[in-house]
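I have placed the structure first, in the form of structure tokens, so that the comments after it can refer back to it.
Any read-out appearing in this document is the output of simple, stated calculations on the displayed coordinates, not a laboratory observation. Note that the structure is predicted; figures quoted are calculated from it, not measured. FYI the Cβ positions are ideal-geometry reconstructions off the backbone, even for glycines, and counts take in every protein chain you see.
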């Protein structure tokens, strides 16, 4: 329940903490002087991390938050991405999956929860390129094929990938295939590239100059640049071989136009002969980023916007438990506001930007002039090292000094006069009282009076203990109550109500 703003006698103020629609419990632990300090906790002994608003390039483990796996992402250039993480067969508008007979593996995988095992001749994936896919383009545009291999045999000639079959327009086989032989990955293009219009088909053979070890995951990629005819192989992100598809075989030659035979009707095979595992198989237009290493370089999480009990709530400190080894780092930020703001950094529709972030150190104690407000949000950024190491965030603790609104003041008495009512009250005990408001009206609990010399209800009395409410109508019954206001602008509930009737009989 949010604080009621209607000025009606008998209103009850309640201050539960709300995170979105989720109730959140305070853990009271200490006092600073007479000020109550309470804690909001996530992780160990606190709320679940699922209560956060956004999480980017991070993932939840049983013990806390770490950087996400550095697996490839879908992008506008992605035509096919097979992740083998146990999900249903992925859909693609560019390829139909006609057959998928693999040995799922959860124990041996590069990323995520699995990989595809190939150990028998029937272990294979059969794809069919659909209209609009890059392999059916004429001429062939820029493209990339990349994947991770974990072979258990590399000596015999075994196809890893192939779209390769006899065609009627050329003698013999046509297409492309990638296979392991003598510890290296070969790429062969048969009668695929042509020398200008009406030229004769040529064969291209290229192999990685780095041997592929058995029983290890390594990234392999092929890129074709249709603009300059450069065909490049990559091993773990580094160039392993290249060839210029020109009439001279050099950069200065005339470009060979690339295309696949329109009569190549065979299925596109992954596996079928290869022995080992494949993970993160991807076909892309253009040159997408290679995702190498174990973890993302940086990730970020933000909490929901947390509604605090009062505007005067101050940040005492933020502390967290985690591991920051091998150059990794955890960075934490907070922001506060008296007005509600959206959880995201910017609201694109309205153009409203949230309050600025304050960087906090682990356990740093803020002064009384530190961040404060009715609404709070925190943000955590995790930084990895060389995609090999990740920090680990186990728990987060936000300590807040509560500053509830003042208590209702004690209205002692009223003294009627000619067109006036004089009020007397007791000063509040709170040290941060800024002053008092006087409410008046012509009905009990209905404080919307008008006409007083000081203005319509409510009237600001200031930091005093008595006030002369003048300019009233004689013989009219008035109902009067007062409230206290602190330096943060927080207002108390109503004092008890007094009834007064100004009259000319009180004139001197």
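Extension gain for residue 325 to residue 338 (0.36 nm times residue separation, less C-alpha to C-alpha distance): 0.9 nm. Taking 0.36 nm per residue of sequence separation and removing the Cα-Cα distance, the residue 252/residue 228 pair yields an extension gain of 7.7 nm. When the alpha carbon gyration tensor of segment 78-285 is reduced to an equivalent ellipsoid, its three semi-axes come out at 28, 19, 15 angstrom, largest first.
A simple spin-label model places pseudo-atoms 7 Å from Cα toward Cβ; at residue 168 and residue 367 they are separated by 8.7 nm. Computing volume of the Cα convex hull per residue in Å³ directly from the structure and comparing it against (1) 204; (2) 191; (3) 143 singles out (1).
A simple spin-label model places pseudo-atoms 7 Å from Cα toward Cβ; at residue 152 and residue 98 they are separated by 2.8 nm.
Segment 92-131 and segment 182-251 have their alpha-carbon centroids 24 Å apart. Entry note, segment 410-506: relative contact order of 36 percent, from Cα contacts under 8 Å with a spacing of 6+ residues. Put in line by how crowded their Cβ is, counting other Cβ atoms within 10 Å and starting with the fewest, 120, 218 read 120, 218. With each label modelled as a point 7 angstrom along the Cα→C-beta vector, the residue 359-residue 415 pair spans 6.1 nm. Can you give the FRET efficiency for residue 209 and residue 56, using 1/(1 + (r/R0)^6), R0 = 41 Å, r = Cβ-Cβ distance, to the nearest 0.05? Rounded to the nearest 0.05, the efficiency is 0.60. Across segment 78-285, the mean sequence separation of Cα contacts (distance under 8 Å, 6 or more residues apart), normalised by length, yields a relative contact order of 31 percent. Using the empirical formula 2.2 N^0.38 Å as the baseline, the Cα radius of gyration of segment 410-506 reaches a ratio of 1.02. Residue order for 400, 136, 242, fewest other beta carbons within 10 angstrom first, comes to 242, 136, 400. Contact order for the chain, expressed relative to its length and based on alpha carbon pairs under 8 Å spaced 6+ residues apart, stands at 16 percent.
Residues 310, 303, 503, ranked from the fewest to the most other C-beta atoms within 10 Å, line up as 503, 310, 303.
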